[in-house]
Amino acid sequence: MRIGMLTSGGDCQSLNATMRGVAKALYKMFEDVEIIGFEDGYKGLMYADYQIMKPSDFSGILTKGGTILGTSRQPFKLMRVPDENGLDKVEAMKHTYRKLKLECLVVLGGNGSQKTANLLREEGLNVVSLPKTIDNDLWGTDVTFGFQSAINVAANAIDCIHTTAASHGRVFIVEVMGHKVGWLTLYAGIAGGADIILLPEIPYDINVIVEAIKERSRQGKRFSILAVAEGAISKEDAALSKKELKEKKKNQVVYPSVAYALGAQITEKTGQEVRVTVPGHTQRGGEPCPYDRVLSTRLGAAAAKLIQEKKYGYMVAVKNNEITEVPLEEVAGKLKTVDPNCSMIQEAKMIGISFGDE
Ligand code: F6P
């Protein structure tokens with residue numbers, strides 16, 4: 001029996017640990033299983049770039065970050081658009097799958113990759129997927145693998161900023177990844193003891209932020225630390241349509257990211273020295289933390305079980321710390337965002353963290 005496997009989209013620390021979980025369980029379940037590893041995500045499936053994996057390929061990779069298969073971004077919206085040589089990408093993927101006589105395709109991926117996995121399911125392929133992303137924005141699962149490891153990196157960045165911010169008496173902005181959602185910033189911000197946390201789900205008012213910083217100064221605090229999601233947005237901008245926002249940006253100074261724009265505004269309104277730190281892709285790098293290693297192992301074994309039961313068209317998921325599965329058609333195209341009224345935000349506000357909204 002042949003099983004195809006690929007890692008798709010942005011990488012994270014725990015992809016190898018997850019593939020190891022799937023593979024080890026499959027090798028135990030079936031004597032005759034052969035795993036085909038597609039290189040660089042869906043691209044490998046499209047262009048039939050693959051390796052026949054050996055059990056030893058999955059040994060010693062539990063703690064290894066990145067992905068031994070390589071990955072690439074293949075935007076879902078371009079899946080139906082032929083490549084530069086006129087190749088029909090979806091037909092090409094189906095062709096490779098059938099030519100290799102795969103029993104099932106295992107996809108480790110985030111939002112876009114789950115949409116493509118669902119598309120391949122609709123096209124008649126057997127697919128089982130696993131929830132990967134540092135953003136934790138996949139609908140249908142409480143948590144994704146990669147998220148916890150990324151929190152560790154981002155929180156560590158905020159920890160390191162604390163000492164230098166305190167020495168110099170500066171305002172620091174740490175820009176945290178997370179794409180359009182604020183999960184990573186919320187957790188890293190609380191874990192790192194940030195004073196102000198800005199999330200895309202809670203549009204901010206610059207005057208509220210300025211007042212929070214001034215209040216800290218009045219209390220004799222020498223520094224302020226802001227954990228700002230890369231997708232954070234002001235109340236004013238959130239009220240605009242996409243077209244209006246584009247128009248507004250045309251007439252503004254162009255900053256590399258939201259953190260820099262915010263930094264300039266804070267300096268202007270407080271006169272305080274502001275520094276910006278962007279940990280960027282370090283948040284996806286390095287070793288998976290123990291929590292992710294455990295989660296990946298569990299999710300991997302559960303994916304193998306679905307294959308054993310021939311239960312296809314599902315993404316394995318976490319619900320109340322139990323591993324379960326969700327139909328791919330329910331997952332595809334939905335985003336799991338932070339609820340601005342969740343108790344975690346209320347608790348954070350109770351200890352004085354400002355979310356820039358009130
Ligand atoms: O989805 C994971 C993520 O790291 C996001 O947090 C971030 O917005 C994006 O990927 C960065 O993508 P790239 O690696 O393509 O620059």
>> Looking at region 77-112 only, could you name the residues that are in a helix (DSSP H, G or I), in contact (Cβ under 8 Å) with a residue 40 or more places away in the chain and within 16 Å of the ligand (Cβ to nearest atom)?
In response: N111, G112
>> For region 67-89, give me each residue that is out of contact with any Lys or Arg (no Cβ under 8 Å at 6 or more places or on another chain) and surrounded by 18 or more Cβ atoms within 10 Å (Cβ to Cβ).
In response: T67, L69, T71
>> What are the pairs with Cβ atoms under 7 angstrom where one residue, in region 234-261, is within 21 Å of I209 (Cβ to Cβ) and the other, located anywhere, is among the aromatic types (F, W, Y)? Sequence gap at least six, or different chains.
In response: S234/Y204; K235/Y204; A261/Y255
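For (1) touching a Phe, Trp or Tyr at 6+ places or on another chain (Cβ under 7 Å); (2) assigned to a strand (DSSP E or B); (3) not aliphatic (A, V, I, L, M), each residue gets a yes or a no:
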position	(1), (2), (3)
G124	no, no, yes
V128	yes, yes, no
D135	yes, no, yes
T141	no, no, yes
A150	no, no, no
A154	no, no, no
I158	no, no, no
T164	no, no, yes
E175	no, yes, yes
>> I need every pair where a residue in region 263-287 that is modelled with pLDDT under 95 has its Cβ under 6 Å from the Cβ of a residue that is more than 11 Å from the ligand (Cβ to nearest atom) and in a loop (DSSP other than H, G, I, E, B), sequence separation at least 6 or different chains.
In response: E273/R170
> Of the numbered conditions (1) surrounded by fewer than 19 Cβ atoms within 10 Å (Cβ to Cβ); (2) of a type in the set (D, E, K, R); (3) within 15 Å of the ligand (Cβ to nearest atom), K214 satisfies every one except a single condition; which is it?
Replying inline: (3)
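Table: residues versus (1) within 30 Å of T96 (Cα to Cα); (2) of a type in the set (A, V, I, L, M); (3) touching a Lys or Arg at 6+ places or on another chain (Cβ under 9 Å).
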{"position": "K132", "(1), (2), (3)": "yes, no, no"}
{"position": "A154", "(1), (2), (3)": "no, yes, no"}
{"position": "A165", "(1), (2), (3)": "no, yes, yes"}
{"position": "H168", "(1), (2), (3)": "no, no, yes"}
>> Give me the residue from region 231-275 that is in contact with a Ser or Thr (Cβ under 8 Å, 6 or more places away or on another chain) and open to solvent by 40 Å² or more (accessible area, probe 1.4 Å) and, out of that set, nearest to A157 (Cα to Cα).
In response: E273
> In region 168-184, is there at least one residue being more than 15 Å from the ligand (Cβ to nearest atom), open to solvent by 40 Å² or more (accessible area, probe 1.4 Å) and within 22 Å of Q265 (Cβ to Cβ)?
Replying inline: yes
> Among all residue pairs at least 6 apart or on different chains, which show Cβ distances below 9 Å where the first residue, located in region 9-32, is under 15 Å from Q283 (Cα atoms) and the second is among the aliphatic types (A, V, I, L, M) and away from the ligand (no atom under 16 Å from the Cβ)?
Replying inline: S14/L295; L15/I68; L15/L69
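The values are calculated or read from the model by the stated rules, or taken from the named source; none is laboratory data. This is a predicted model, so every value here is computed, not measured. Note that we place each Cβ from the backbone using ideal geometry, even for glycine, and neighbour counts take in every protein chain shown. These area figures cover heavy atoms from the full protein model, side chains too; ligands, DNA and RNA do not enter into them. Shrake-Rupley method; radii C 1.70, N 1.55, O 1.52, S 1.80 Å.
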